[in-house]
Amino acid sequence: MRKLALMLWLALLAGAAQAQQQLEIIKLQSRTADQVLPQLRPFIEPGGTLSGMNNQIFIRASDANRRQIKELLAAIDRPPRRLLITVRQDADSTASARGGEVSGRVSSGGTVIESRRTIVGGAGVEVRRGGDAVRGQVYDSRGSGSERVAQQVQVVEGGKAWINVGTSVPVPLRQVVVTPGGAVVSDSVVYRDLGTGFSAEPQLAGDNVTLTISPSHDTPGSYGPGSANVQRLTTTVSGRLGEWISLGGSTEERSGEESGTLRYSTRGGSTGRSVQLKVEELP
């Protein structure tokens with residue numbers, strides 16, 4: 001009898017708790033159910049249920065828990081903030097070359113010694129006597145260049161943005177298929193996209209932004225059709241809205257030297273690249 005009474009008492013308590021948990025349907029104003037449910041589920045009370053579809057969510061919980069969920073929802077269910085992402089990819093390069101050589105034609109006792117001129121440009125001097133001529137030349141050149149690329153794209157918080165500007169380069173393609181009747185050769189052309197751009201996924205928390213971003217900078221290569229100089233970067237960074245954030249960069253140093261009996265030259269240069277971004281909120 002005591003066991004039966006305890007079971008009846010537990011059933012009455014469960015029925016009372018179930019009666020206190022009522023179902024409420026809430027219509028969302030700016031977000032979808034898939035967007036808000038992951039943020040609300042940790043706050044549903046034990047025994048409560050939370051689901052949704054399209055622009056409605058369904059809550060079965062106590063009055064206090066439903067009020068708590070609706071307070072959280074008021075902060076979440078708002079229009080997504082519009083953002084402007086600016087990515088700047090800068091490059092600076094320097095080059096230098098210097099050297100000298102002696103060339104000319106000298107004859108003596110029927111023997112002719114001749115050194116041909118290979119250097120073009122620079123300052124030189126020439127000495128002649130009869131049919132003989134000796135030329136001396138030195139040169140020293142320096143140069144610098146810069147490249148500034150800035151791209152912008154609009155996106156809403158939580159969305160994905162992608163932009164790429166460049167050209168499609170034709171690449172010859174030859175395929176050989178071996179069949180019972182022999183080899184079949186077919187020639188065609190495919191296109192490879194080369195350009196500058198980035199993809200980004202921003203997330204906001206107040207005035208702070210976190211982005212997963214992948215900038216790229218591809219240019220035609222010097223090793224035949226289809227070759228390319230490829231520069232890629234993928235990272236996740238965070239910062240404040242309106243501030244420039246440095247993503248990284250690269251530095252390349254080049255040097256070379258040539259020498260011979262009557263000539264000598266050196267060449268050098270460097271290229272440095274940097275990538276920065278800024279995220280601004282649009283009205």
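The values are calculated or read from the model by the stated rules, or taken from the named source; none is laboratory data. What you see is a predicted model, and the numbers here were worked out from it, not measured in a lab. Backbone-built Cβ (ideal geometry, glycine too); neighbour counts: all protein chains shown. SASA here: full protein model, heavy atoms, side chains in, ligands and nucleic acids out. Shrake-Rupley method; radii C 1.70, N 1.55, O 1.52, S 1.80 Å.
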| request: Might you let me know whether segment 164-175 holds any residue that is open to solvent by 70 Å² or more (accessible area, probe 1.4 Å), out of contact with any Phe, Trp or Tyr (no Cβ under 8 Å at 6 or more places or on another chain) and modelled with pLDDT of 90 or more? | output: no
| request: Residue by residue through segment 216-237, note down the ones that are within 18 Å of residue 276 (Cα to Cα) and of a type in the set (Ser, Thr, Tyr). | output: 216, 234, 235, 236
| request: Give me the pairs, please: first residue somewhere in segment 136-147 and within 14 Å of residue 267 (Cα to Cα) and open to solvent by less than 60 Å² (accessible area, probe 1.4 Å), second residue anywhere and not in a strand (DSSP E or B) and not charged (D, E, K, R), beta-carbon distance under 7 Å, and either six or more positions apart or on two chains. | output: 139/119; 139/121; 139/122
| task | Select from segment 77-95 the residues that are surrounded by fewer than 15 Cβ atoms within 10 Å (Cβ to Cβ) and free of Cβ contacts under 8 Å to residues at least 60 places away in the same chain and write down the one among them that is farthest from residue 213 (Cα to Cα). | result | 78
| request: State whether one or more residues within segment 227-246 are farther than 25 Å from residue 90 by Cβ and of a type in the set (Gly, Ala, Ser). | output: no
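Picking from 176, 190, 209, which residue would you name as being aliphatic (A, V, I, L, M), more than 25 Å from residue 91 (Cβ to Cβ) and touching a residue at least 40 places away in the same chain (Cβ under 8 Å)?
On the way: 176 fails: touching a residue at least 40 places away in the same chain (Cβ under 8 Å); 190 fails: touching a residue at least 40 places away in the same chain (Cβ under 8 Å).
Exactly one residue qualifies, and that residue is 209.
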| said: Could you check segment 221-254 and list, in sequence order, the residues that are under 22 Å from residue 84 (Cα atoms), open to solvent by 100 Å² or more (accessible area, probe 1.4 Å) and of a type in the set (Val, Ile, Thr)? | reply: 234
